[in-house]
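Worksheet: the structure to be examined is printed underneath.
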Amino acid sequence: VQLQASGGGLVQPGGSLRLSCATSGQFSSWTMAWFRQAPGKERDFVAAIKWNGDTKYYAESVKGRFTISRDNDKNTADLHMSMLKPEDTAVYFCAVAPTWVGNDYTQSTPYRYWGQGTQVTVSS
């Protein structure tokens, strides 16, 4: 299974970006998530979505600004980011667990497959 993240770039504060994660695998039930890692910091949870789309979770720092969505036909999950702040600057990683991870959605351990990361820089 391979994951391909795309859509990163340089954006001004207050701007928007849309990240996309495509996976080569197909799962009957899965969890897809986005994590991010800023320089010198730990990798942090950003958002997660259940395969059927009815359950989504967000880190407190991005609630109301980021939206995660999925397209099961295309095996993709997108992260729409708006009202971006300089502190959102990081490398963003998508990750997939082949099952619903339940309450462990913020932990990196349950996610078996990871993309290569895409850089998001928020700066004027």
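No value in this document is a laboratory result; all are computed from the given coordinates. Small disclaimer: the values here were computed from a predicted structure and weren't measured. Neighbour counts are summed over all protein chains in view; Cβ atoms, including those assigned to glycine, are modelled from backbone coordinates with ideal geometry.
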Using θ = phi - 60° and the Karplus relation 6.51 cos²θ - 1.76 cosθ + 1.60, list the HN-Hα couplings for the stretch 4-14 in order, rounded to whole Hz, with x at every Gly or Pro. 10, 9, 8, x, x, x, 9, 9, 7, x, x
Can you pull a Stokes-Einstein diffusion coefficient for the chain at 20 °C (1.002 mPa s), Rh from Kirkwood over Cα pairs, as a whole number of µm²/s? 151
In straight Cα distance, which lysines are under 27 Å from K85, not counting same-chain residues fewer than 8 positions off? K41, K50, K56, K63
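Within the set of other residues whose C-beta is less than 10 Å from the C-beta of H80, count the net charge using Lys and Arg as +1 and Asp and Glu as -1.
Numbers: positive: R18, R65; negative: D78.
Counting the neighbours of H80, the net charge comes to +1.
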Could you give the size of the charge dipole of the chain about its Cα centre, using +1 on the Cβ of each K and R and -1 on the Cβ of each D and E, expressed in debye and rounded to the nearest 20? 60
Within the stretch 1-79, which trypsin sites (Lys or Arg not before Pro) sit in a loop by DSSP and count at most 15 neighbouring Cβ atoms inside 10 Å? K41, K63, R65, K74
